[in-house]
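Computed from the coordinates by the stated procedures, all read-outs in this text should not be read as laboratory data. All figures in this text were calculated on a predicted structure; none of them were measured in a lab. Heads up, the Cβs are rebuilt from the backbone with ideal geometry, glycines too, and the neighbour counts pull from every protein chain shown.
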Amino acid sequence: MAKLELQNLTKAYSRQIVPVKDLSLSVEDNEFLTLVGPSGCGKSTLLRLIAGLEQPTQGQVQIGDQDVTPLPPGDRNIAMVFQSYALYPHMTVYENMASGLKLRKMGAGDIQKRIQSASEVLGLDPLLDRRPAKLSGGQRQRVALGRALVRKPDVFLLDEPLSNLDALLREQVRADLKQIFEQQQSPVVYVTHDQTEAMTLSTKVAVLSEGHLQQLGSPKEIYRTPANRFVAGFIGSPQMNLLTLERVEDAVLFGDFKLHLPDFAHKGGSVVMGIRPEHVRLPEPGDTQIIHGNVFLVENLGMSDLLSVRVQGSDDLVLRTMIPADATWSRENIELALPSQSIHWFDAETEVRLNG
């Protein structure tokens, strides 16, 4: 097995267009790293640099103990699964899965063993004699995965492989992917714009913005302790409430209310308070930080309602909260608790997370 290491990678097409900027990270054996971020953040370019489809302006790509930066894609022992499946339409499922192995001059017996093993895992045994035109979208994606698995590569690269599937099928294939790659030893690098995929599939998540690595950590770390305002606002659905508030001694003004400010956030003028809608709740006995407001929008999410609340004492201070669908509340004067342990604080100027 082989560790993947990226060292100070930069890719510049011109002075103005630099999709990857001095990025370093590593992916160990058995790790599943997801690159996530908005369109144009550099995640697909980074995948192409790993694959050898692009050459970096500076920096190194290392697989195991080997610097593969100057090597063409065919010499890197990687397997890539594309969004478009990229299957040969004139070949059967078996032939598609065997095509890469034949190019490597592998014997027919060894090819058959590898395909049998992969097809059992992917449930492709009944489909081996069919051509892609006779397959559903989910089945085609499984074939593309199978073609990658039989290669037994040093690194797996997946470029938004589920984006062409409908919502129900995407959920099923995502679950299959998780089980399949838990059985593999090679590092996996997965690109997606879907944070649900990032959070559910990954052992590590890399959040990118404008070519820079914003945070690298486990899904739990990214969700619980976002490194800066960008990560806090990008990860989580519905999006975290992020409100710029003015300090007043050891508190911040929140409409007609004052919220306690922790010791580490006392210095300076304004501060950004973040709290996720799922952590804003109806008051319980013992709650001390309670605000009032009026509900001007209700979005039904099934088991819960997403409420948009205009905070009392402010015309532009809006807080979103997720309330159980069967809960009782007043639209004109709703009371909401803001638990201190669920609040994130960021510097208003640098947007970096404050300690705590």
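Modelled this way, with points 7 Å down the Cα-to-C-beta line, the labels at HIS193 and TYR88 are 3.3 nm from one another.
Think of the chain as a dipole: +1 on every Lys or Arg Cβ, -1 on every Asp or Glu Cβ, centred on the Cα centre; then among ILE50, LEU213, GLN112, GLN112 lies furthest on the positive end. Remark on VAL205: its backbone amide H falls under 5 Å from those of THR34, GLY217, SER218, a criterion applied only to residues 5 or more positions apart or on other chains, H modelled at 1.01 Å from N.
Rounded to the nearest 500, the helix-only mean residue ellipticity at 222 nm of the chain stands at -7000 deg cm²/dmol, with each DSSP H run of n ≥ 4 adding -39,500 (n - 2.57). Using the average count of surrounding beta-carbon atoms within 10 Å as a protection proxy, the listed peptides 334-346, 189-201, 277-289 rank, highest first, as 189-201, 334-346, 277-289. Relative to the longest principal axis of the chain, what angle (0 to 90°, nearest 10) does the C-alpha long axis of helix 167-182 take? Roughly 70 degrees, rounded to the nearest 10. Per-residue extension of 0.36 nm, minus the Cα-Cα distance of LYS258 and ASP166, leaves a gain of 28.5 nm for this segment. Computed from phi, the 3J(HN,Hα) profile of the range 316-330 under the Karplus parametrisation 6.51, -1.76, 1.60 (θ = phi - 60°) reads 10, 8, 10, 10, 9, 9, 9, 10, x, 4, 9, 6, 10, 8, 9 Hz, with x in place of Gly and Pro.
Placing +1 on the Cβ of every Lys and Arg and -1 on the Cβ of every Asp and Glu, with nothing else charged, gives the range 203-248 a dipole about its Cα centre of roughly 160 debye.
Note on ASP29/VAL352: beta-carbon distance plugged into 1/(1 + (r/R0)^6) with R0 of 25 Å gives a FRET efficiency of 0.15.
Volume per residue for the chain equals 171 cubic angstrom (convex hull of Cα atoms).
Here the simple spin-label model places points 7 Å from the Cα toward Cβ, and for ALA327 and ASP22 these points are separated by 4.5 nm. What separates the Cα centres of the range 54-126 and the range 244-281 is a distance of 52 Å.
May I ask you to derive the FRET efficiency for THR244 and ASP65 from their Cβ-Cβ distance with R0 = 56 Å, giving the value to the nearest 0.05? Please list the in-between numbers first.
Working: r = 49 Å, r/R0 = 0.87.
Computed FRET efficiency for THR244 and ASP65: 0.70.
Here the contact order of the chain, divided by its residue count and restricted to Cα pairs under 8 Å and six or more residues apart, works out to 16 percent. Given R₀ = 25 Å, what would the calculated FRET efficiency be for ALA175 paired with GLU120, taking r from the Cβ atoms and rounding to 0.05? Result of the calculation: an efficiency of 0.90. Taken as Cα centroids, the range 176-223 and the range 323-351 sit 28 Å apart, rounded to the nearest whole angstrom. If you take the alpha carbon atoms of the range 1-109 and fit the smallest convex hull around them, that volume is 146 Å³ per residue.
Between amide H atoms placed 1.01 Å from N, distances below 5 Å from ASP67 occur with no residue 5 or more places distant or on a separate chain.
Sorting 99-111, 158-170 by average packing, meaning the other beta carbons within 10 Å per residue, from highest down gives 158-170, 99-111.
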